[in-house]
Amino acid sequence: VTLGRIDHTAIAVSDLDAAVARYAALLPDAAIERTAVADQQVEVAFLRLGDTALELVKPTSPDSSVARFIARRGEGLHHIAFEVDDIREALLRLGDMGFELIDREPRAGAHGLVAFLHPRSTGILVELVQHAVTY
Ligand code: CO
């Protein structure tokens with residue numbers, strides 16, 4: 001398995017407007033894109049920086065796993081996402097290698113297919129991203 005570049009680094013926040021304002025001041029050249037990911041009960045903002053991005057993630061429901069993360073640990077580093085070419089193949093091979101998969105099948109993310117590896121095997125929540133092909 002080869003993981004590509006770091007697609008994005010995600011920070012859990014409880015106030016997305018305040019966080020966007022803070023990071024936009026810190027990163028004035030970043031292009032900002034906001035979107036909601038309904039099935040994960042989060043609202044996100046991507047601050048794109050060259051070939052990587054910072055993702056600010058805010059829970060939209062107390063049932064969201066991000067809400068539980070913030071309740072337990074406070075705001076802070078939530079996950080790192082690596083780009084992969086073929087997410088299904090990556091999941092099969094990482095599973096065979098003994099990594100604990102949260103998702104055996106990829107699901108729809110903000111920019112394509114995503115799947116998560118459990119922090120028990122990686123130290124931090126890891127996301128795999130296979131970008132949607134655009135023609
Ligand atoms: Co992410």
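The values are calculated or read from the model by the stated rules, or taken from the named source; none is laboratory data. Source: prediction; values computed, not measured. Cβ: placed from backbone, ideal geometry, glycine included. Neighbour counts: every protein chain shown. Note: areas computed on protein heavy atoms with side chains; ligands, DNA, RNA excluded. Shrake-Rupley method; radii C 1.70, N 1.55, O 1.52, S 1.80 Å.
Can Ala81 be described as surrounded by 14 or more Cβ atoms within 10 Å (Cβ to Cβ) and among the aliphatic types (A, V, I, L, M)? Taking the combined requirement at face value, the residue satisfies it. Of the residues making up region 76-107, those that are within 15 Å of the chain's Cα centre (by Cα) and touching a residue at least 60 places away in the same chain (Cβ under 8 Å) are Gly76, Leu77, His78, His79, Ile80, Ala81, Phe82, Glu83, Val84, Arg107.
Would you say Ala21 is closer than 13 Å to Val66 by Cβ and either in a helix (DSSP H, G or I) or modelled with pLDDT under 95 (or both)? So Ala21 does not fit the description; no.
Pairs under 6 Å by beta carbon, first residue of a type outside the set (Val, Ile, Thr) in region 59-72, partner open to solvent by 30 Å² or more (accessible area, probe 1.4 Å), six or more apart or different chains? Once the first residue is of a type outside the set (Val, Ile, Thr) and sits in region 59-72, its partners that are open to solvent by 30 Å² or more (accessible area, probe 1.4 Å) give Ser61/Gln41; Ser64/Gln41. So, in region 78-90, of the ones that are assigned to a strand (DSSP E or B) and not charged (D, E, K, R), which residue ends up farthest from Ala24 (Cα to Cα)? Applying the filter and picking the extreme gives Phe82. When residues in region 94-135 are screened for being more than 16 Å from the ligand (Cβ to nearest atom), surrounded by 13 or more Cβ atoms within 10 Å (Cβ to Cβ) and in a helix (DSSP H, G or I), 3 of them pass.
Over 22 Å from Gln130 (Cβ atoms), of a type in the set (Asp, Glu) and in a loop (DSSP other than H, G, I, E, B): is that true of Asp29 in this structure? It is true that Asp29 is over 22 Å from Gln130 (Cβ atoms), of a type in the set (Asp, Glu) and in a loop (DSSP other than H, G, I, E, B). The set of residues in region 53-77 that are outside any helix (DSSP H, G or I), surrounded by 15 or more Cβ atoms within 10 Å (Cβ to Cβ) and not aliphatic (A, V, I, L, M) comprises Glu55, Lys58, Pro59, Thr60, Ser64, Glu75.
Out of curiosity, is Leu49 over 17 Å from the mean Cα position of the chain (by Cα) and away from the ligand (no atom under 14 Å from the Cβ)?
no
May I ask you to verify whether Arg22 is out of contact with any Phe, Trp or Tyr (no Cβ under 7 Å at 6 or more places or on another chain) and either away from the ligand (no atom under 16 Å from the Cβ) or of a type in the set (Ser, Thr, Tyr) (or both)? Criteria met by Arg22.
Scanning region 36-52 for residues that are surrounded by fewer than 19 Cβ atoms within 10 Å (Cβ to Cβ), without any contact (Cβ under 8 Å) to a residue 40 or more places away in the chain and hydrophobic (A, V, I, L, M, F, W, C) yields Ala36, Ala38, Leu49. Residue count for region 109-118 satisfying the condition of being closer than 13 Å to Ala10 by Cβ and out of contact with any Lys or Arg (no Cβ under 8 Å at 6 or more places or on another chain): 4. Determine if region 13-31 includes at least one residue that is closer than 30 Å to Asp96 by Cα and either more than 16 Å from the chain's Cα centre (by Cα) or open to solvent by less than 80 Å² (accessible area, probe 1.4 Å) (or both). There is no residue in region 13-31 that is closer than 30 Å to Asp96 by Cα and either more than 16 Å from the chain's Cα centre (by Cα) or open to solvent by less than 80 Å² (accessible area, probe 1.4 Å) (or both).
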